[in-house]
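Chemist: Here it is, the structure in full.
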Amino acid sequence: MTPEQRQEFIRLLEQGEEISPEWARILFPPEKREYELVYHGKEREEDILANTLALPLQPVRTFGRNGNGWQNLLIFGDDLQVMKTLLEWKKAGHLCNADGTPGVRLIYIDSPFATKREFSGSQDEKAYRDKVAGAQFVEFLRKRLVFLKYLLTDNGNLVVHLDNRKLHYVKAILDELFAENNFVNEIIWRKGREGGSSRSHSNGSAIPTEYQNLLVYSLDRRNRYWKQILGPYKRSTVGRIDRDEKGWYYTRGRMGRQPAEWEIKAGVSLKTYVSYDLSKSKDEVIDEITSPGAEFVALGDVWDSTVAKFTTCTDYPTEKPESLLGLILKAGTREGDLDF
């Protein structure tokens with residue numbers, strides 16, 4: 001605290017004026033970081049965890065069981081209070097995966113995007129309001145991210161779904177909470193035009209937006225659980241496939257190049273076989289291995305309609321495709337794991 005701040009704080013006390021929340025960070029400074037995002041209303045992690053009340057959960061319906069006495073849950077209520085309850089379950093040893101590890105292996109959060117809009121369904125019924133914006137939105141989301149961090153298993157993954165409005169602020173918050181070196185990657189989900197998702201057409205001067213962002217974080221990036229997701233080949237990769245007595249293949253590296261000397265000595269083949277069915281035509285093989293849903297090569301950080309058919313089932317305004325969530329679940333969980 002600087003001398004000027006000390007004098008101002010004494011003056012406020014002597015005159016009985018209200019002490020603003022900003023003084024909490026001056027009187028009780030957080031741990032020193034290389035950098036952090038500072039804004040009005042930001043609370044300490046300790047206060048968020050301590051001041052949130054746990055909410056007893058009342059069973060209504062059973063959707064199936066996941067082993068070890070666990071019952072799958074669909075929870076209706078204040079998410080902060082619910083997460084406080086789940087955190088107490090974890091501490092008590094009641095929130096465990098099938099292998100006994102405490103916590104949730106995979107967490108996916110699709111929060112409001114700070115659009116300042118009200119969303120309606122297909123029959124013009126009210127869906128939800130996304131009116132929280134500015135610093136209030138950042139702290140609204142940060143409070144939930146604090147709980148999610150403590151709910152994760154030591155090798156779990158958190159996936160935060162956003163768009164470009166508040167991505168930069170939330171990225172800074174996540175770097176603070178998880179440490180910058182535990183940022184795994186940013187996945188670009190190109191929505192395309194299927195399932196009602198399309199470019200924005202607000203006015204002639206706008207730049208159409210065709211994608212949303214998924215930020216992936218872990219408590220320990222080096223030891224996290226994540227199964228590589230396989231997807232289809234790109235047509236540019238296999239456009240010049242050929243066949244021999246074994247099947248259809250494409251040549252790795254520059255097409256038609258001769259193997260290097262070390263490759264010849266090691267018996268390394270430049271051929272990557274994509275089909276052993278010689279009865280199929282070249283076009284049939286290419287269509288098969290480049291179609292959405294095919295599993296051949298590791299997916300990168302851009303997911304579009306060539307990867308999967310991102311279609312939706314309802315007219316809910318912000319519905320996410322089941323296939324999108326399926327890719328995340330397939331990568332971040334195994335049988336018997338808890339996801340949230």
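The values are calculated or read from the model by the stated rules, or taken from the named source; none is laboratory data. Remember, it's a predicted structure, so these values are computed and weren't measured experimentally. Here the Cβ is made from the backbone with ideal geometry for all residues, glycine too, and neighbour counts use every protein chain on show.
Chemist: Can you name the residue in the stretch 156-171 that is in contact (Cβ under 8 Å) with a residue 24 or more places away in the chain and surrounded by fewer than 17 Cβ atoms within 10 Å (Cβ to Cβ) and, of all such residues, is farthest from the chain's Cα centre (by Cα)? Explain how you work it out, then say what you get.
Modeler: Within the stretch 156-171, the subset in contact (Cβ under 8 Å) with a residue 24 or more places away in the chain is 156-167, 169-171.
Still in the list and also surrounded by fewer than 17 Cβ atoms within 10 Å (Cβ to Cβ): 163-165, 167.
Numbers: Asp163: 12, Asn164: 14, Arg165: 16, Leu167: 12 Å.
My answer is Arg165.
Chemist: Does Thr290 satisfy the criteria of being within 27 Å of Leu327 (Cβ to Cβ), modelled with pLDDT under 85 and among the hydroxyl-bearing types (Ser, Thr, Tyr)?
Modeler: Details: within 27 Å of Leu327 (Cβ to Cβ): yes; modelled with pLDDT under 85: no; among the hydroxyl-bearing types (Ser, Thr, Tyr): yes.
No.
Chemist: For the stretch 253-262, does any single residue satisfy the condition of being at pLDDT 90 or above, more than 32 Å from the chain's Cα centre (by Cα) and of a type in the set (A, V, I, L, M)?
Modeler: So in the stretch 253-262, the residues at pLDDT 90 or above come out as none.
Scanning the stretch 253-262 turns up no residue that is at pLDDT 90 or above, more than 32 Å from the chain's Cα centre (by Cα) and of a type in the set (A, V, I, L, M).
Chemist: Hey, does the stretch 74-86 have a residue that's acidic (Asp, Glu), under 24 Å from the mean Cα position of the chain (by Cα), modelled with pLDDT under 65 and under 21 Å from Val159 (Cβ atoms)? Show your work before the answer.
Modeler: Step one: filter the stretch 74-86 for residues acidic (Asp, Glu), giving 78-79.
Now narrow it down to the ones that are under 24 Å from the mean Cα position of the chain (by Cα): 78-79.
Checking the rest, the ones that are also modelled with pLDDT under 65 come to none.
There is no residue in the stretch 74-86 that is acidic (Asp, Glu), under 24 Å from the mean Cα position of the chain (by Cα), modelled with pLDDT under 65 and under 21 Å from Val159 (Cβ atoms).
Chemist: Would you say Gly64 is at pLDDT below 80, small (Gly, Ala, Ser) and either outside the structural domain of His168 (by TED's automatic domain parsing) or exposed (fewer than 10 other Cβ atoms within 10 Å of the Cβ) (or both)?
Modeler: Details: at pLDDT below 80: yes; small (Gly, Ala, Ser): yes; either outside the structural domain of His168 (by TED's automatic domain parsing) or exposed (fewer than 10 other Cβ atoms within 10 Å of the Cβ) (or both): yes.
So Gly64 fits the description; yes.
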